[in-house]
Amino acid sequence: MKNSFIQFLILGFLVLISFTTQAQQEDRFVVMEKKLSELASDVPGLNEKVEFSVTGASLQEFLGGLASSHELNISIDPTLQVRIYNRFSNEKVSNVILFLAREYDLDILFVGTIMSFKKYVPPAVKDVVPLHEILVKYSSYNDLMTLDLRSDTLEKVVKKITQVTRKNLILTSGLGSKIVSVYIEDMPFESAINKMAYANQLKLVKTEDNFFVLKAIGEGEDGLDGLTKVGDKNKKKTNKSTGTANSPMSNASGELNIEIEEDSSTGNKYITLNAVNVPINQVLKEVTAELGVSYFLFSEIKGNTTSNISRVKFDNFLTYLLQGTDYTFKLDGPLYLIGDRKIEGLRANKVIQLKFRSLDAINEIIPAELKKGVEVKEFKELNSILVSGSLPQINEIEAFISALDRVVPMVMIEVLLLDIRKNKSVKTGIRAGLGDSTVKTSGTFLPGIDVTLSSSNVNEFLSWLGTNNVFNLGRVTPNFYMTLSALENNSNAEVRSTPKLSTLNGHDASLSIGSTRYYSVKTQNVLNSLTPQTVVTEQYNSVQANLGINIRPVVSGDDQVTLTIDVSVTDFIGDPPSSGPPPSSTNQFKSIIRVKNEEMIVLGGLERTEKSETGSGVPLLSRIPVIKWLFSSKSKAKNKLVSVVFIKPTIIY
């Protein structure tokens, strides 16, 4: 009885777990359907009708076609191994996506208008904290941060950000277990933290000692009001409105309003300015007089300004006021020096070092407008440039170079060259003649006939022919010889080479493989004198036959490579003349292709076939059937060359 009761409890527990899991699944699909419905207002393609009939197509192929046809942003986990056998007719795209999620137990992550498909992983029952690593990236060089938070506890997020950025971020009491989610890419640190706080109903406060504090938003507060600083309350305000109509330095339409705010806790003063067509010199006098700032003018400040500046410090105020003019400022102790940018004492020097790329051609890339009035020198030993001129222009040049200072990818190109040569030649005929001396019988009978007969062997053969005939064929002289040829040659050769080339993105990589032949050129000169002399000069010239490949890779943002390929194939053909360069042929083509990283391509076979037939013989007799074999010599040759080029680019960062 007791055992039956225990079994009943276990069965009930399993049924309860099953119902709970099913309820969670239903809640997940309800949320998914709601997300798709909300997204349809920004992505009209989700409400369009589809007509599909697929049999055995992969999930990646089906969703890729769906995204292309209806302008959707879809990302698919490449590890999903799902084959689809369905037919959809006159159905909404959103319903098809929801059906696929239910049918194959998929999960959809929504980031903006991007839908990311992956296999659904049920959440752990007891462990609320996700198992994935909190993604925080930060560059101290340009103060940019990337956050990818997915239901992470605020305590761990703050700890991770502090460890990565080395900037102190703390929490107020009771917020450690709060779950936060946000995705931010390449934003300044303070802006990124502020937007993360706003997205999760928090507020960011910065203290005077550069601590960042996350607080809960109070009633009636808006977390997107900007970064709040401790001590911003109880400020002393001084309002000053100056009408410039009667000023001798302005025209009748001028208007100038100045407001000075003082922070009682820090003593810092902030300027709010509203000026319409007011002389810059007068604005400077009014503001410095109100703040009690000492300054010295190197030259007269000319020109008017129309500005609307809100709550800035005096240094920033001067930067905005003089921006776009020929004037600048420099702080020398408590005194501000103001005047023309080119005047001695206001010039600045700065060394800007590149961290990720080389110095080559960086000077030509900087726009001429930025370099106007600024001297830029290259310092190759330190991979830096030395800039001399006004400080605002130097800061603009530094910001421009910082935007270009990125890691340049290197591309390793594997080239597989395959040459297949097939040669066939046939040589037959009889040759006879007189030598300088007595020729001995020599040659080969196998595998081909190439025999030279001496005069004695020829006489023996003639005697044998005349034994039973009434005609006496006579005898040949001792220096007579005869050559019999019946040869056939076949050859198949395969030449394989696998060079590897490496080059920076956007630069050429070249390869050349070939051979060199030499031919002689004879020159005959007659020297004029009482006894003329003939001088013969022989000079050897070279001729090259190369397989040349020139490749320029360009890497795109999606790790695809655009290759500009220039191939030139030169080869020797036929037999070279006795005194002249050997004949050659050249094939050349140029193409532009786009391939994925580490994907191999085939350029195709460059095929060339050569045929030649030569012969010699006695006139008339060499044309008579049967007899022509005794009075002629022929040679036939057929050569075939196939060149195949395989190219595989690999991106290396």
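The values are calculated or read from the model by the stated rules, or taken from the named source; none is laboratory data. Quantities reported herein were computed from a predicted structural model and do not represent experimental measurements. Reconstructed Cβ throughout: ideal geometry from the backbone, glycine too, with neighbour counts over all protein chains shown. Just the protein is used for accessible areas: all its heavy atoms, side chains included, with ligands, DNA and RNA removed. Shrake-Rupley method; radii C 1.70, N 1.55, O 1.52, S 1.80 Å.
Going by the conditions given, is Glu185 at pLDDT 85 or above and surrounded by 14 or more Cβ atoms within 10 Å (Cβ to Cβ)? Spell out the reasoning first.
Values: at pLDDT 85 or above: yes; surrounded by 14 or more Cβ atoms within 10 Å (Cβ to Cβ): no.
Answer is no for this residue.
Just need a number here: residues in the range 77-115 that are β-branched (Val, Ile, Thr), open to solvent by less than 40 Å² (accessible area, probe 1.4 Å), modelled with pLDDT of 85 or more and under 32 Å from the mean Cα position of the chain (by Cα).
Summing the residues that are β-branched (Val, Ile, Thr), open to solvent by less than 40 Å² (accessible area, probe 1.4 Å), modelled with pLDDT of 85 or more and under 32 Å from the mean Cα position of the chain (by Cα) in the range 77-115 gives 1.
Out of Leu322, Leu318, Leu331, I need the residue that is within 18 Å of Ile271 (Cβ to Cβ) and in contact (Cβ under 8 Å) with a residue 60 or more places away in the chain. Which one?
On inspection, the qualifying residue turns out to be Leu322.
Tell me yes or no: at least one residue of the range 246-264 is modelled with pLDDT of 50 or more, of a type in the set (S, T, N, Q) and not in a strand (DSSP E or B).
yes
Checking the conditions here, which among Ile352, Ile338 is open to solvent by less than 40 Å² (accessible area, probe 1.4 Å) and farther than 30 Å from Val554 by Cα?
Ile338
Which one of these is part of a strand (DSSP E or B), surrounded by fewer than 15 Cβ atoms within 10 Å (Cβ to Cβ), in contact (Cβ under 8 Å) with a residue 40 or more places away in the chain and of a type outside the set (Val, Ile, Thr): Asn541, Asn550? Steps first, please.
Numbers: Asn550 fails: surrounded by fewer than 15 Cβ atoms within 10 Å (Cβ to Cβ).
Among Asn541, Asn550, only Asn541 is part of a strand (DSSP E or B), surrounded by fewer than 15 Cβ atoms within 10 Å (Cβ to Cβ), in contact (Cβ under 8 Å) with a residue 40 or more places away in the chain and of a type outside the set (Val, Ile, Thr).
Quick one: in the range 471-526, which of the residues that are modelled with pLDDT under 65 and among the hydroxyl-bearing types (Ser, Thr, Tyr) is surrounded by the fewest Cβ atoms within 10 Å (Cβ to Cβ)?
Only one residue fits best here, namely Ser491.
Hey, can you tell me all the residues within the range 66-121 that are touching an Asp or Glu at 6+ places or on another chain (Cβ under 8 Å), under 20 Å from Pro44 (Cβ atoms) and of a type in the set (A, V, I, L, M, F, W, C)?
Scanning the range 66-121 gives Phe88, Val93, Leu98.
Return the residues of the range 171-201 that are aromatic (Phe, Trp, Tyr) and within 15 Å of Ile217 (Cα to Cα); say none if nothing qualifies.
Tyr198
Do you know which of the residues in the range 302-331 that are part of a loop (DSSP other than H, G, I, E, B) and modelled with pLDDT under 85 is surrounded by the fewest Cβ atoms within 10 Å (Cβ to Cβ)?
Let us first name the residues in the range 302-331 that are part of a loop (DSSP other than H, G, I, E, B), namely 302-303, 313, 323-326.
Next cut, modelled with pLDDT under 85 only: 323-326.
Working: Gln323: 12, Gly324: 10, Thr325: 15, Asp326: 15.
Taking the candidates together, the pick is Gly324.
Within the range 553-570, identify whether any single residue is over 22 Å from Ser502 (Cβ atoms) and either at pLDDT 75 or above or among the β-branched types (Val, Ile, Thr) (or both), and answer yes or no.
Checking the range 553-570: at least one residue is over 22 Å from Ser502 (Cβ atoms) and either at pLDDT 75 or above or among the β-branched types (Val, Ile, Thr) (or both).
Tell me which of these Ile592 doesn't satisfy, since it passes every other one: (1) open to solvent by less than 40 Å² (accessible area, probe 1.4 Å); (2) within 30 Å of Leu359 (Cα to Cα); (3) among the aliphatic types (A, V, I, L, M).
For Ile592, the failing item is (1).
Is the range 151-170 home to any residue that is open to solvent by less than 40 Å² (accessible area, probe 1.4 Å), among the small types (Gly, Ala, Ser), in contact (Cβ under 8 Å) with a residue 24 or more places away in the chain and within 24 Å of Ile217 (Cα to Cα)?
no
Take the residues in the range 265-312 that are among the small types (Gly, Ala, Ser) and touching a strand residue (DSSP E or B) at 6+ places or on another chain (Cβ under 6 Å), then tell me which one is nearest to Gln323 (Cα to Cα).
Only one residue tops the list, namely Ser307.
Would you mention how many residues in the range 280-301 are open to solvent by 20 Å² or more (accessible area, probe 1.4 Å), in contact (Cβ under 8 Å) with a residue 24 or more places away in the chain and not in a helix (DSSP H, G or I)?
Total meeting the criteria: 7.
Would you say Val555 is on the phi < 0 side of the Ramachandran plot, open to solvent by less than 30 Å² (accessible area, probe 1.4 Å) and of a type in the set (A, V, I, L, M)?
Here the answer is yes, as Val555 does meet what is asked.
Answer yes or no: is there a residue in the range 515-525 that is touching a residue at least 24 places away in the same chain (Cβ under 8 Å), within 25 Å of Gly580 (Cβ to Cβ) and among the basic types (Lys, Arg). Working first, answer last.
Here is the first cut: in the range 515-525, the residues touching a residue at least 24 places away in the same chain (Cβ under 8 Å) are 515-522.
Next, only the ones that are within 25 Å of Gly580 (Cβ to Cβ) stay: 515-522.
Still in the list and also among the basic types (Lys, Arg): 517, 522.
There is at least one residue in the range 515-525 that is touching a residue at least 24 places away in the same chain (Cβ under 8 Å), within 25 Å of Gly580 (Cβ to Cβ) and among the basic types (Lys, Arg).
Would a scan of the range 593-600 turn up a residue that is at pLDDT below 70 and touching a Lys or Arg at 6+ places or on another chain (Cβ under 9 Å)? Working first, answer last.
Keep residues of the range 593-600 that are at pLDDT below 70, which gives none.
Within the range 593-600, not a single residue is at pLDDT below 70 and touching a Lys or Arg at 6+ places or on another chain (Cβ under 9 Å).
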